[in-house]
Amino acid sequence: MSQAADPRGRAVVLVSGGLDSATALAWTRRAGFEAYALSVAYGQRHQSELAAAARIARALGAREHRLMRIDLAGIGGSALTDSSIPLPEQSGSGIPVSYVPARNTLLLSLALGWAETIGSRDLVIGVNAVDYSGYPDCRPEFIRSFEALAALATKAGVEGARFSVHAPLIAMSKADIIRSGADWGVDFGMTVSCYQADSDGRACGRCDSCRIRRDGFETAGLADLTRYA
């Protein structure tokens, strides 16, 4: 799933604007990679996270930050892209309505395309399989399968290059992610995690993402700099 970082290498990092992706970007820089940050406007209700992503990319020393666009709202089926579907305010059983069909598959595919273009063989994504909402595309099996796909679906892969998808946070609790990010210089006050943050990035304090974030800071014993509406 991961290999040692080449200090001269480039890595494409998916940066959403939330605390997990900010910590993943900080890990990338700490590991010695030259970071190319990629954010995606996919039709999400919480557009303010994209402004947060730009701030984070600058603050954490990304070599370049790009914003790409796809229309997952056109597919529908998720409370994050369809305002008529209420967002969950507590965890339930099964995969929640905040799951966005094929999101991480599509986002990693964009990152893979950019990586191949710039000669990078490393992708970084801040998925987590411990304190998360149960999304199937946040699991180690998904990461391993995408690496196999990258080997088959790219010119570089067919010619023998090995792509690695680094998921450095995948086995960490939210509290451990927060502690690590703080140690690595992440200003969590810049980040936006709320599924229905307002245009200024202020959190609702009620959605599942806000609950997980708040509990993480409490368990970590660190001040929560989240701005609430």
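The values are calculated or read from the model by the stated rules, or taken from the named source; none is laboratory data. Source: prediction; values computed, not measured. Cβ placement follows ideal geometry from the backbone for every residue including glycine, while neighbour counts extend to all protein chains displayed.
Quick grid of which residues meet (1) surrounded by fewer than 20 Cβ atoms within 10 Å (Cβ to Cβ); (2) farther than 19 Å from ILE178 by Cα; (3) of a type in the set (Gly, Ala, Ser); (4) at pLDDT below 95:
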{"position": "THR191", "(1), (2), (3), (4)": "no, no, no, no"}
{"position": "TYR195", "(1), (2), (3), (4)": "no, no, no, yes"}
{"position": "ARG206", "(1), (2), (3), (4)": "yes, yes, no, yes"}
{"position": "SER209", "(1), (2), (3), (4)": "no, no, yes, yes"}
{"position": "GLY221", "(1), (2), (3), (4)": "yes, no, yes, no"}
{"position": "LEU225", "(1), (2), (3), (4)": "yes, no, no, yes"}
{"position": "ALA229", "(1), (2), (3), (4)": "yes, yes, yes, yes"}
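Which ones in segment 155-176 are assigned to a loop (DSSP other than H, G, I, E, B), among the hydrophobic types (A, V, I, L, M, F, W, C) and over 15 Å from GLU141 (Cα atoms)?
Passing the criteria: ALA161, PHE163, MET172.
Could you look through segment 48-57, keep only residues that are touching a strand residue (DSSP E or B) at 6+ places or on another chain (Cβ under 7 Å) and surrounded by fewer than 22 Cβ atoms within 10 Å (Cβ to Cβ), and pick out the one that is nearest to TRP27 (Cα to Cα)?
Residue satisfying both the conditions and the ranking: ALA54.
Can you tell me which condition SER78 does not meet? The list is (1) closer than 28 Å to CYS204 by Cα; (2) surrounded by fewer than 19 Cβ atoms within 10 Å (Cβ to Cβ); (3) hydroxyl-bearing (Ser, Thr, Tyr), and all the others hold.
Here SER78 meets the rest and fails (2).
Identify, from the list ASP198, ASP131, the residue that is under 18 Å from the mean Cα position of the chain (by Cα) and among the charged types (D, E, K, R).
Just a single option satisfies the conditions, and that option is ASP131.
If you check ARG179 against the conditions, is it modelled with pLDDT of 95 or more, surrounded by fewer than 17 Cβ atoms within 10 Å (Cβ to Cβ), of a type outside the set (Val, Ile, Thr) and within 20 Å of the chain's Cα centre (by Cα)?
Criteria not met by ARG179.
For the subset of segment 121-180 comprising residues that are acidic (Asp, Glu) and touching a helix residue (DSSP H, G or I) at 6+ places or on another chain (Cβ under 6 Å), which member is nearest to SER16 (Cα to Cα)?
ASP137
Please name all residue pairs, on different chains or six or more residues apart, with Cβ atoms under 9 Å, provided the first residue is in segment 197-212 and is without any contact (Cβ under 8 Å) to a residue 60 or more places away in the chain and closer than 16 Å to ASP20 by Cα and the second residue is acidic (Asp, Glu) and surrounded by fewer than 23 Cβ atoms within 10 Å (Cβ to Cβ).
Listed by first residue and then by second, the contacts come to CYS210/GLU89.
Do you know which of the residues in segment 5-48 that are polar (S, T, N, Q) and under 27 Å from SER78 (Cβ atoms) is modelled with the lowest pLDDT?
From segment 5-48, those polar (S, T, N, Q) are 16, 21, 23, 28, 39, 44, 47-48; that's our starting set.
With under 27 Å from SER78 (Cβ atoms) added as a condition, the list becomes 16, 21, 23, 39, 44, 47-48.
Details: SER16: 97, SER21: 98, THR23: 98, SER39: 98, GLN44: 93, GLN47: 90, SER48: 95.
It comes out as GLN47.
Cβ-Cβ distance below 8 Å, separation of 6 or more or different chains: which pairs start in segment 134-156 with a residue that is within 18 Å of GLY94 (Cα to Cα) and end on one that is modelled with pLDDT under 95 and buried (at least 17 other Cβ atoms within 10 Å of the Cβ)?
As it stands, the answer is GLY134/PRO96; GLY134/TYR99; TYR135/TYR99; PRO136/TYR99; CYS138/ASN128; CYS138/ALA129; CYS138/TYR132; ARG139/ALA129, since those pairs meet every condition given.
I'd like to know if segment 189-210 contains one or more residues that are within 19 Å of ALA11 (Cα to Cα) and not polar (S, T, N, Q). It would help to see each step written out before you state the result.
Residues of segment 189-210 within 19 Å of ALA11 (Cα to Cα): none.
No, the conditions are met nowhere in segment 189-210.
For residues that are exposed (fewer than 13 other Cβ atoms within 10 Å of the Cβ) and free of Cβ contacts under 8 Å to residues at least 40 places away in the same chain, tally how many sit in segment 81-101.
The total comes to 5.
Which members of segment 80-98 meet the condition of being over 18 Å from the mean Cα position of the chain (by Cα), of a type outside the set (D, E, K, R) and closer than 19 Å to LEU50 by Cα?
Once the filter is applied, which keeps residues that are over 18 Å from the mean Cα position of the chain (by Cα), of a type outside the set (D, E, K, R) and closer than 19 Å to LEU50 by Cα, segment 80-98 yields only SER83.
Would a scan of segment 146-159 turn up a residue that is modelled with pLDDT under 95 and within 16 Å of the chain's Cα centre (by Cα)?
Pass one, segment 146-159, residues modelled with pLDDT under 95: none.
There is no residue in segment 146-159 that is modelled with pLDDT under 95 and within 16 Å of the chain's Cα centre (by Cα).
Being touching a residue at least 24 places away in the same chain (Cβ under 8 Å), in contact with an Asp or Glu (Cβ under 7 Å, 6 or more places away or on another chain) and within 24 Å of ALA51 (Cβ to Cβ) narrows it down to one residue among VAL165, VAL124, VAL192; which is it?
The unique qualifying residue is VAL192.
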